[in-house]
Amino acid sequence: MRIEAGVATHVGQVRTGNEDAYLLEPPLYAVADGMGGHRGGEVASQLALTTIAESFRKGAEPFADQVRAANRAVFERSGADRAVAGMGTTLTAAVIQGDVAHLVHVGDSRAYLLRAGSLRQLTDDHTLVNRMVKAGEITPAEAEVHPNRNVLVRALGTEADVPLDERDVGLLDGDRLLLCSDGLTGMLTEDQIQAILASTQGAPQEAADRLVLAANRAGGVDNITVVVLDVLPDDGAEEAAGAPAAEAETQAAKEEPQRPGRTPGARRRWWRVAIIVGIVVVALGAAFTGARALIDTRWYVGVADGHVAIYQGIPADVFGFELSHVVEETDISASAAEALPVYSGLAGGINVDSRADADARVEQIRTDVRRAAHAGTGGQP
Ligand code: MN
């Protein structure tokens, strides 16, 4: 079989920059959706994909290892450059070899398969709301309008190491794969996506363009990126009737139990054990990453290296694990600020509601410190 690709990316109707990125490096295809401020988001998605593309061209290691190397590259840049501190990116990648698509996925971009006119999601969103849906705490409908629906519990580049979802999907002639950022799925229902894909069969570029157009018409509140991959019979190939291996779908995902009805009897017992182990792992992981995701939505102003600094997290530690990290260290002397009664509690952390509030609070401290200095030396108020 051979692959024909269509691709489109668009800034959308609201954002000023496009932090999405895509990769067409046959047989490797990927989308990445960067985050962490305007600059950080662009750097994270581009850096991840260029790192992966370079190592993929060299070949050698398993693809998942190349993705882990890209994770470290983004994480290290994030730690070395204050302008992009805390950045990260989603990644949904497909390597198509023979009649199998090997998927590697982190975050809330998605892969879908359109087969015989019906659409099926192949990836699992690593979002807080998806965890809550799976735990039965909220319904899928509530998730769609949840205020924290964009909070990721996993991303590339935000930690030194990241667990990856991996999955192999057998392909049939006529299949269509879609890789997309949440700027598409946040604007269109799956029925709408399915209708556009089904009505543009044989024309992957037209499919990509129409998906982006529809997302923009629906509001385009985020950057939109789509890669459409058509699986076509090899010209003059002998296996035109569909390869036998294509029906057997294997998956290496650690978190997803096997779909029923496809496992031969001999494998059931093994799966039962795997599912129980999986449930325990997921429960522990959810408790940890869920708490972590909530903590990462919190901000405070404190002290780092003798300067006023902005922290993400909460000013505490649990069993020696810090629950916060410095996002920006300013040039304002902490002792000068703490000399003012209103900021005497600075070392313990001053809670704020958001990053923007943190910036505003820092500017207020700067103004107050400057004013006090002028007053102290008899200067202008
Ligand atoms: Mn997005």
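The values are calculated or read from the model by the stated rules, or taken from the named source; none is laboratory data. The model shown is predicted, which means the values in this text are computed figures rather than measured ones. Here the Cβ positions follow ideal geometry from the backbone for every residue, glycine too, while neighbour counts run over all protein chains shown. Surface accessibility is based on the protein's heavy atoms, side chains included, excluding ligands, DNA and RNA. Shrake-Rupley method; radii C 1.70, N 1.55, O 1.52, S 1.80 Å.
The table below gives the values:
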read-out	value
Estimated FRET transfer efficiency (ARG120, ASP161; beta-carbon r; R0 45 Å; 0.05)	0.90
Carbon + sulfur, % of accessible area of segment 267-373 - ligands and nucleic acids excluded, 1.4 Å	60 percent
In degrees, nearest ten, helix 268-295 long axis to first principal axis of the chain (Cα)	30 degrees
Nearest 10 degrees, 0 to 90: helix 63-80 Cα axis against the chain principal axis	20 degrees
Part-to-part distance (alpha-carbon centres) for segment 169-242 and segment 1-80, which is given in Å	19 Å
Spherically averaged projected area in nm², based on the convex hull that wraps the Cα atoms of segment 16-115	6.9 nm²
Mean projected area (nm²) of the alpha-carbon convex hull when segment 63-105 is viewed from all directions	3.1 nm²
Pairwise label distance in nanometres, THR50 with LYS134, each label 7 Å out on the Cα-Cβ vector	3.4 nm
For segment 327-335, Karplus couplings with θ = phi - 60° (6.51, -1.76, 1.60), whole Hz, Gly/Pro x	9, 8, 9, 8, 9, 7, 5, 5, 5
Highest average packing first - 125-133, 76-84, Cβ atoms within 10 Å	125-133, 76-84
Rounded percent of accessible protein surface that carbon and sulfur make up, segment 2-249, 1.4 Å probe	51 percent
Residues with amide H under 5 Å from that of GLY34, placed H, sequence gap 5 or more	ASP20, ALA21, SER45, THR90
nm² value of the averaged projected area, convex hull over the Cα atoms of segment 267-373	8.6 nm²
Span from the segment 297-376 Cα centroid across to the segment 84-161 one, whole angstrom	34 Å
Translational diffusion coefficient (Stokes-Einstein; Kirkwood radius from C-alpha pairs) of segment 111-237 at 20 °C, 1.002 mPa s, in µm²/s	133 µm²/s
Interchain or long-range residues, amide H under 5 Å from ASP165's placed H	HIS105
Dipole moment magnitude, nearest 20 debye, the chain about Cα centre, only Lys, Arg, Asp, Glu C-beta charged	720 debye
Mean accessible surface per residue for the chain, computed with a 1.4 Å probe while every protein chain stays in place, in Å²	49 Å²
Under the Karplus curve 6.51 cos²θ - 1.76 cosθ + 1.60, θ = phi - 60°, whole-Hz ³J(HN,Hα) for segment 25-32, x wherever Gly or Pro sits	9, x, x, 9, 9, 7, 10, 9
DSSP-defined antiparallel bridges as percent of all bridges, the chain, nearest 5	100 percent
Value in Å of the Kirkwood radius, where the chain supplies the Cα pairs that are averaged	22.9 Å
Amide H contacts of LEU171 (H built 1.01 Å from N, under 5 Å, at least 5 apart or other chain)	VAL100, ALA101
Cα long-axis angle, helix 204-217 against the chain (0 to 90 degrees, to the nearest 10)	40 degrees
Extended-chain gain in nm, criterion 0.36 nm per residue less alpha-carbon gap, GLU76 and ILE295	76.7 nm
By average C-beta atoms within 10 angstrom, highest first, the peptides 51-57, 18-24, 228-234, 86-92	86-92, 18-24, 228-234, 51-57
Segment 127-161: GluC sites (Glu not before Pro) in DSSP loop, at most 15 other beta carbons within 10 Å	GLU137, GLU159
Value of [θ]222 nm, deg cm²/dmol, for the chain, DSSP H segments ≥ 4, -39500 (n - 2.57) each, nearest 500	-11000 deg cm²/dmol
